[in-house]
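Structure record follows, encoded as structure tokens.
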Amino acid sequence: MKIILLRHGESQWNLENRFTGWKDVSLTKTGIKEATFSGMQLLEKEIKISSVYTSLLNRAIETTHIVTDIINFPREKIQQNWRLNERHYGALQGLNKSETASKYGEEQVHIWRRSYDIPPPSIDENDPSHPRFDSKYDGIDQLPSGESLKDTLARVKP
């Protein structure tokens, strides 16, 4: 048995150098090409896929659909789970990474991004962009307001 981990293709906010986290953004033309290339590689190498899992984020779902269409994997068999979402960057989501480093300092941004157990500043629970206001997360009680890598691991593990 093999496991293949495939990151989504380039998103609009990747292109703009923004902290994306749980914000739903779509793939760029480059991201679509990257996803297509990945699907073609799986097809050419005749790798048989028995199950596919993805997060609830648009860019991951778009990538998954492109790849699974190429390899003829049925969409109805794709399993989605919120626990596979990327790390939640809290109040940093949407901010340009360079501008954030200028404002808070390179060292602080490095700590937020790379330390294991120090999360970025949390987003307020009443902020309209908090995931609790997104219907796709209805019924989930443990929604983050920002995550360290340790928090992300704890969410993904189950």
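The values are calculated or read from the model by the stated rules, or taken from the named source; none is laboratory data. None of the values given here were measured: they were computed from a predicted structure. Cβ coordinates were reconstructed from backbone atoms using ideal geometry, including for glycine residues, and neighbour counts include every protein chain displayed. The area values use the complete protein model at the heavy-atom level, side chains included, leaving out ligands, DNA and RNA. Shrake-Rupley method; radii C 1.70, N 1.55, O 1.52, S 1.80 Å.
Could you list all residues from region 42-60 that are surrounded by fewer than 18 Cβ atoms within 10 Å (Cβ to Cβ) and either of a type in the set (Lys, Arg) or outside any loop (DSSP other than H, G, I, E, B) (or both)? Lay out the reasoning, then the answer.
Taking region 42-60 first, the residues surrounded by fewer than 18 Cβ atoms within 10 Å (Cβ to Cβ) are 43-51, 53, 58.
Scanning region 42-60 gives 43, 44, 45, 48, 53, 58.
For region 104-113, indicate whether the set of residues that are free of Cβ contacts under 8 Å to residues at least 24 places away in the same chain, β-branched (Val, Ile, Thr) and more than 21 Å from residue 3 (Cβ to Cβ) is non-empty.
Within region 104-113, the first condition is being free of Cβ contacts under 8 Å to residues at least 24 places away in the same chain, and the residues that meet it are 104-113.
Subsequent filtering for residues that are β-branched (Val, Ile, Thr) retains 109, 111.
So of that shortlist, the ones also more than 21 Å from residue 3 (Cβ to Cβ) come out as 109, 111.
The answer is yes, given that some residue of region 104-113 is free of Cβ contacts under 8 Å to residues at least 24 places away in the same chain, β-branched (Val, Ile, Thr) and more than 21 Å from residue 3 (Cβ to Cβ).
Among the residues of region 70-94, write down those that are open to solvent by 70 Å² or more (accessible area, probe 1.4 Å) and in a loop (DSSP other than H, G, I, E, B). Steps first, please.
Quick first cut of region 70-94, residues open to solvent by 70 Å² or more (accessible area, probe 1.4 Å) only: 72, 75-77, 79-80, 84.
Matches in region 70-94: 72 only.
Give me the pairs: first residue in region 42-56 and on the phi < 0 side of the Ramachandran plot, second residue of a type in the set (Gly, Ala, Ser), beta-carbon distance under 7 Å, and six or more apart or on different chains, which are they?
Close Cβ pairs (under 7 Å, with a partner that is of a type in the set (Gly, Ala, Ser)) amount to 54/60.
Say whether the condition of being out of contact with any Leu (no Cβ under 8 Å at 6 or more places or on another chain) and in a helix (DSSP H, G or I) is met by at least one residue in region 127-139.
Kept after step one, since they are out of contact with any Leu (no Cβ under 8 Å at 6 or more places or on another chain), are these residues of region 127-139: 127-129, 133-135, 138-139.
From the residues that got through so far, the ones that are in a helix (DSSP H, G or I) too are 133, 135.
Yes - at least one qualifying residue is present in region 127-139.
Write out, first by first residue and then by second, each pair whose Cβ atoms fall under 7 Å of each other, whose residues are 6+ apart or on separate chains, and whose first residue, in region 115-132, is without any contact (Cβ under 8 Å) to a residue 12 or more places away in the chain and open to solvent by 90 Å² or more (accessible area, probe 1.4 Å) while the second is of a type outside the set (Phe, Trp, Tyr) and part of a loop (DSSP other than H, G, I, E, B).
132/125; 132/143
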